[in-house]
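Engineer: Sharing a structure with you now.
The values are calculated or read from the model by the stated rules, or taken from the named source; none is laboratory data. These figures come from a predicted structure and were not determined experimentally. Note that each Cβ is placed from the backbone with ideal geometry, even for glycine, and that neighbours are counted across all protein chains shown.
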Amino acid sequence: MMRPDFIIVGGGPIGSMVAKILASRGYATLILEEHSEIGKPVSCGGLVTERVIKISGVSNDVIMNEIKGASIYSPNGKEIRIGGDKKHAVVINRERFDKEMMEMAMAEGAECKCKWKVKNIHYKKNSIIIRGKEEMKCTYLIGADGARSIVAKSFYFPKVKECLSAIQTTVPFKTEQEYVKIFLGEKIAPGFFAWIIPEGEKARIGVGVKGGYFPKNYFLKFLKMVGAERKKINAGIIPIGLRKRIVKGKIAIVGDAAGQVKATSGGGLYSGIIASKVLGEACIKCFEKEENLIQYERNYMKGFGKELKKCMLLRKIFLRLDDKKMNKILSLLDEKDIEIINRYGDIDYPSLVAKKLIRNNIHPRLIKKLLNSRYYLN
Ligand SMILES: Cc1cc2nc3c(=O)[nH]c(=O)nc-3n(C[C@H](O)[C@H](O)[C@H](O)COP(=O)(O)OP(=O)(O)OC[C@H]3O[C@@H](n4cnc5c(N)ncnc54)[C@H](O)[C@@H]3O)c2cc1C
């Protein structure tokens, strides 16, 4: 490829999705990926809705398990069972998912250079210069390079609101196959939660904590608590609170690089894939006219960006709850509330069920007093 029309830094699922869209329209698209193999290392719970499978175009072969609901454990150990008979989510083989995404991009004509770490990027005249193994030039640059994005850093994009730290392991573990387990509490996972995601004979067991806390000790304690052995662990950052700007001229950031992650669950696959579609369309419209990519930012903020903002508001409420308040709130959930959760619960659009719950709660005064935030979501 002489001089690509688009260079995408990062061969994760979001970079591959943008590449697939651009290459399918005939643009010379080059992906630069620092690792030697796509999909490795894996640092993801792999819990997504079936929507993700549909909109990403991967095969059903990536699905390892189907999930009907969750058991949520309050800090005092009380279990609340949500879900029902409907399939709410699936557990995917994340390595395979990433590989299929890249294969689709390449089938459309995109090129991927692995073991190509971008070390330095800057503007020179009308070109963007990218340095790594060699020097490359392009007019349009996409940063799909994850939470520690060098593209975002090099061009001084505003910071994400928070970076959570997470550790996960996959170990042999017996647990109910159709239910995920979520554990809350300051002593278990300050500022986030711990999880057990069933994967057949094994389970993905992880802990996420808010910034300023080290997840490893919490993780080891959690493994002990649930009686799981310690095996190879994967650590990762979950960037939440969308960056205020995701476009600067002909440079755009997308996926984790942009902080397009739901602050309620740490899930970034759905929101990132939605963003990559909006970005792909904007690139196609702008390329011929040599315009900047600002319509990507505008359209995303008008669309799914709104849901991400609501997730951030829900997180603000969550962070106000100490263990005592959390126990109280969860103890207030009755059959009617659980019914609402089962009916409207959607991990891609958590604000829907939150709104319904806050509006329908039969203890509005208590909720209001505890949260002082009843009108956040209106
Ligand atoms: C512990 C954990 C559990 C999670 N669980 C879930 C879940 O259950 N469901 C869900 O939806 N989401 C989950 N997520 C979030 C999800 O993994 C991310 O949102 C998703 O991976 C974002 O994809 P991406 O392509 O934007 O970034 P990434 O997947 O991070 O891909 C970025 C790519 O860029 C490459 N790269 C980075 N810097 C450079 C460079 N300088 N040069 C070249 N290449 C570079 C990286 O090697 C990587 O391949 C989880 C995250 C963590 C940490």
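Engineer: Report, by residue number, each residue of the stretch 1-19 that is crowded, with 24+ Cβ neighbours inside 10 Å and of a type in the set (A, V, I, L, M).
Structural biologist: Scanning the stretch 1-19 gives Ile7, Ile8, Val9, Ile14, Met17, Val18, Ala19.
Engineer: Could you please give the count of residues in the stretch 225-278 that are more than 15 Å from Gly146 (Cα to Cα), within 9 Å of the ligand (Cβ to nearest atom) and not in a loop (DSSP other than H, G, I, E, B)?
Structural biologist: Going through the stretch 225-278 one residue at a time, the tally reaches 1.
Engineer: Condition first: within 30 Å of Phe318 (Cβ to Cβ) and within 11 Å of the ligand (Cβ to nearest atom). Now tell me which residues in the stretch 85-120 satisfy that.
Structural biologist: Ala89, Val90, Val91, Ile92, Arg94, Phe97, Asp98
Engineer: Separate question: Could you tell me whether any residue of the stretch 183-201 is surrounded by 16 or more Cβ atoms within 10 Å (Cβ to Cβ) and among the basic types (Lys, Arg)?
Structural biologist: No, the conditions are met nowhere in the stretch 183-201.
Engineer: Among the residues of the stretch 41-53, is there at least one that is in contact (Cβ under 8 Å) with a residue 60 or more places away in the chain and more than 18 Å from the chain's Cα centre (by Cα)? If you could, list the steps in order and put the result at the bottom.
Structural biologist: Step one: filter the stretch 41-53 for residues in contact (Cβ under 8 Å) with a residue 60 or more places away in the chain, giving 41-49, 51-52.
If we keep only those that are more than 18 Å from the chain's Cα centre (by Cα) too, we end up with none.
No, the stretch 41-53 contains no residue that is in contact (Cβ under 8 Å) with a residue 60 or more places away in the chain and more than 18 Å from the chain's Cα centre (by Cα).
Engineer: Note down all Cβ pairs under 6 Å where the first residue falls in the stretch 290-303 and is within 20 Å of Phe6 (Cα to Cα), the second is surrounded by fewer than 16 Cβ atoms within 10 Å (Cβ to Cβ), and they're at least six residues apart or on different chains.
Structural biologist: Asn292/Gly249
Engineer: Which of the residues that make up the stretch 178-209 are within 13 Å of the ligand (Cβ to nearest atom), in contact with a Lys or Arg (Cβ under 9 Å, 6 or more places away or on another chain) and of a type in the set (Phe, Trp, Tyr)?
Structural biologist: Phe192, Trp195 - these are the residues of the stretch 178-209 that are within 13 Å of the ligand (Cβ to nearest atom), in contact with a Lys or Arg (Cβ under 9 Å, 6 or more places away or on another chain) and of a type in the set (Phe, Trp, Tyr).
Engineer: Hey, does the stretch 69-84 have a residue that's within 12 Å of the ligand (Cβ to nearest atom), modelled with pLDDT of 95 or more and not polar (S, T, N, Q)? Reasoning before the result, please.
Structural biologist: Narrowing the stretch 69-84 to residues within 12 Å of the ligand (Cβ to nearest atom): none.
No, there is no match, as no residue in the stretch 69-84 is within 12 Å of the ligand (Cβ to nearest atom), modelled with pLDDT of 95 or more and not polar (S, T, N, Q).
Engineer: Go through (1) in contact with a Leu (Cβ under 9 Å, 6 or more places away or on another chain); (2) farther than 18 Å from Gly272 by Cα; (3) polar (S, T, N, Q) for Ser56 and report which single condition fails.
Structural biologist: Condition (2) is where Ser56 drops out.
Engineer: Further question: Report, by residue number, each residue of the stretch 178-212 that is aromatic (Phe, Trp, Tyr) and over 18 Å from Ser43 (Cβ atoms).
Structural biologist: Across the stretch 178-212, the qualifying residues are Tyr179, Phe183.
Engineer: Looking for whichever is under 21 Å from the mean Cα position of the chain (by Cα), exposed (fewer than 15 other Cβ atoms within 10 Å of the Cβ) and not assigned by TED's automatic domain parsing to the domain that holds Gly208 here; the options are Lys153, Lys115, Lys99. Which one fits?
Structural biologist: On the way: Lys115 fails: under 21 Å from the mean Cα position of the chain (by Cα); Lys99 fails: exposed (fewer than 15 other Cβ atoms within 10 Å of the Cβ).
Result: Lys153 is the single residue among Lys153, Lys115, Lys99 that is under 21 Å from the mean Cα position of the chain (by Cα), exposed (fewer than 15 other Cβ atoms within 10 Å of the Cβ) and not assigned by TED's automatic domain parsing to the domain that holds Gly208.
Engineer: Right, another one. Might you let me know whether the stretch 20-40 holds any residue that is surrounded by fewer than 22 Cβ atoms within 10 Å (Cβ to Cβ) and either at pLDDT below 95 or within 30 Å of Val226 (Cα to Cα) (or both)?
Structural biologist: Checked against the condition, which is being surrounded by fewer than 22 Cβ atoms within 10 Å (Cβ to Cβ) and either at pLDDT below 95 or within 30 Å of Val226 (Cα to Cα) (or both), the stretch 20-40 yields at least one hit.
Engineer: Okay, next question. Looking only at the stretch 306-323, decide whether some residue is closer than 24 Å to Ser16 by Cβ, within 23 Å of the chain's Cα centre (by Cα) and in a helix (DSSP H, G or I). Walk me through it before giving the result.
Structural biologist: Here is the first cut: in the stretch 306-323, the ones closer than 24 Å to Ser16 by Cβ are 307-308.
Restricting the remaining residues to those that are within 23 Å of the chain's Cα centre (by Cα) gives 307-308.
Going one step further and asking which of them are in a helix (DSSP H, G or I), we end up with 307-308.
Yes: the stretch 306-323 contains one or more residues that are closer than 24 Å to Ser16 by Cβ, within 23 Å of the chain's Cα centre (by Cα) and in a helix (DSSP H, G or I).
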